[in-house]
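To keep things clear, I will list the structure first and then write my remarks on it.
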Amino acid sequence: MDEPSIFITNSLQNAAVLTVVLAFAGYLVTFMSNRMMARRADRLRLVNQRLNEFYGPLYVATVTGNIAYKTLLAKQGKTQCHPIRDQDLEEWVLWMKTIFMPLNDVREKIIIDNAHLIVEEEMPQCLLDFVTHVVGYKAVLLKWADGDYSERRSMIGWPPQFDMYVEQSYRALKAQQTRLLHNALWRAWRRLGHRKNARMLTPSAPDSVR
């Protein structure tokens, strides 16, 4: 075989090898990118679930409860509920039955039913203390129903870390959600996925007009 033929053959072989290498590299990059985006999608789904089913409702109920509590204190000219004076008892019972306990029941149900969505590996103590606080008030309300107002508050006090935990956890998850949603590569991947889905969902032209 003459030298030009050998050169051409080698060039073709090198081009073929380069094509294979580039194709494999492209496949590897696509595979790694899709894998990374799939993991990001899984993280986003978990963050959304935690916000929608646990920390979001818990945060709204807690903020609402705090506003109502401060409103009642301002109305009574107090800075804290205890001691509950005799002249405040009727209104305290009314607000407790119609506002505070319903919100407590909502939060208790969220914590018990969706404990698997808690961010931490172990149940935070302030959440356990909150549920215990609510249980204590249930006993008090049963006494009120029997006309016994000797106890006016739960024997288990309000956990001071509860409000801060709920707010900080909610804000941290919202920040994480925002980062996941606004990542440039993630947005591009999502747009590409939407385009593929749109093409798949677009109906083909009918063979005839009926």
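Any read-out appearing in this document is the output of simple, stated calculations on the displayed coordinates, not a laboratory observation. Bear in mind that the values here come from a model prediction, so they are computed numbers and not experimental data. Cβ: placed from backbone, ideal geometry, glycine included. Neighbour counts: every protein chain shown.
Observations
- Efficiency of FRET from Cβ geometry, N183 and N66, R₀ 30 Å, rounded to 0.05: 0.30
- Pairs from the table (K138/K174; K97/K174; K109/K174; K75/K97; K70/K138) lying more than 26 angstrom apart at Cα are K138/K174; K97/K174.
- log10 of Debye I(q)/I(0), alpha-carbon scatterers only, for region 38-179 at 0.11, 0.13 Å⁻¹: -0.47, -0.63
- For S150 and V119, the difference between the fully extended length at 0.36 nm per residue and the C-alpha to C-alpha distance is 7.2 nm.
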